[in-house]
Every structure is written in C-alpha cells, then in structure tokens.
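Below you'll find the structure, written out as structure tokens, and then a few comments.
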Amino acid sequence: MHIEQSMLSTMSGFLDSVRCGDCECNVDWGERRNTMASIAAGVLFFTGWWIIIDAAVKYPDEAVFHHAYHTCGVIATVAFLMINAVSNGQVRGDSYSEGCIGQTGARVWLFIGFMLAFGSLIASMWILFGGFVVPKKPVVYPGIAVFFQNAFIFFGGLVFKFGRTEDLWQ
C-alpha cells in the first residue's frame, strides 16, 4: 500500500517540470485571431468542395454518383454565406437598429442560415446511408464525399462565425 501511494505521488507530479508554451517568440494571437480563423474556415470550405469535385471527376457516371447529390453542398454554401452575413452585434442589437426588421430580422436570418446548414448536413447523412451504405453498393466513396463536403463546409462556417472577434472592427 505504501509503495502504491509513493508511486502515485511520483506519477502525479511527473509533468510539473514540463514547460509548455514558454517560448521566446511571444506571439500575440489577439491581433491575429481574425486572420487565423479566416484561414482555417477557408481551408475547411476549400477542402469540402475539393472532396466533392474529386468524387464527381472519379465517378462521372450518373448510375454511380447522381448529380442531384450536389444540391446539399450548394445549400450548405448558401447557409455558410447566410450565417456569416450578420454580425454578432446585429444579432444582439448593439450595432443594428435600422433596416427592414432590425434585430429581429438579423435573428431570423441567422436562424434560417443555421436551419439550412443543419438540414444539408442531415441530408448528406441520409444520402450516405440511404443511397450507398444500406443498399450495399460496391462504391461508397461518393456518399462519403457528399457527407464530408457538407461537414467541412458546416464546420468552416462555425469557425468563421465564432472564431473571429468583432472588437477589432470598431
């Protein structure tokens, strides 16, 4: 029992001497937060479209990869634009008091954007499982490509919306 306790106390403090993030470069991420979030969102968005373009080129036959499956990616792209068209200040009512409906209009617009984003993600899962996995088609990659396209666009939209700060805009 005594050996286990001494070993546990030794093991519990073995990371105490490790210095993490204590480099000499001292990068201030506050000023670069918007840049890094924009780059990450752009890479995610690009990757999503790159995957679906790869699947469309690899399987041009309509019997293997139906061209109507591209609709989910288009709707996800529209949702990406809708979600990021309104700022957080407009949704809170801090910086937006005029216009068609004002704060309520910005909230409805954001809600519709998120509904489209979640709807396209759910539809892509339905295409993957209902169109490729359950019927046990010999080729499953187009279904996986549709799902990953929508997942990357969805997460890119979230990173672009919530990864940036609006303090630098004012």
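The values are calculated or read from the model by the stated rules, or taken from the named source; none is laboratory data. Just so it is clear, the structure is predicted and the values come from calculations on it, not from any experiment. Every residue, glycine as well, gets a Cβ built from its backbone with ideal geometry; the counts of neighbours run over all protein chains shown.
Side notes on the structure shown:
- Out of 80, 111, sole residue that is modelled with pLDDT of 95 or more, assigned to a helix (DSSP H, G or I) and crowded, with 16+ Cβ neighbours inside 10 Å: 80
- Condition broken by residue 89, with the remaining ones in (1) touching a helix residue (DSSP H, G or I) at 6+ places or on another chain (Cβ under 7 Å); (2) closer than 25 Å to residue 165 by Cβ satisfied: (1)
- Of the criteria (1) among the acidic types (Asp, Glu); (2) at pLDDT 85 or above; (3) part of a helix (DSSP H, G or I), which one residue 31 fails: (2)
- One residue stands out in region 34-77 among those that are assigned to a loop (DSSP other than H, G, I, E, B) and not β-branched (Val, Ile, Thr): the one that is nearest to residue 143 (Cα to Cα), namely 65.
- Residue 90 being over 21 Å from the mean Cα position of the chain (by Cα), in a helix (DSSP H, G or I) and either surrounded by 13 or more Cβ atoms within 10 Å (Cβ to Cβ) or modelled with pLDDT of 95 or more (or both): yes
- Selection status of residue 85, of a type outside the set (D, E, K, R), touching a residue at least 12 places away in the same chain (Cβ under 8 Å) and surrounded by 15 or more Cβ atoms within 10 Å (Cβ to Cβ): no
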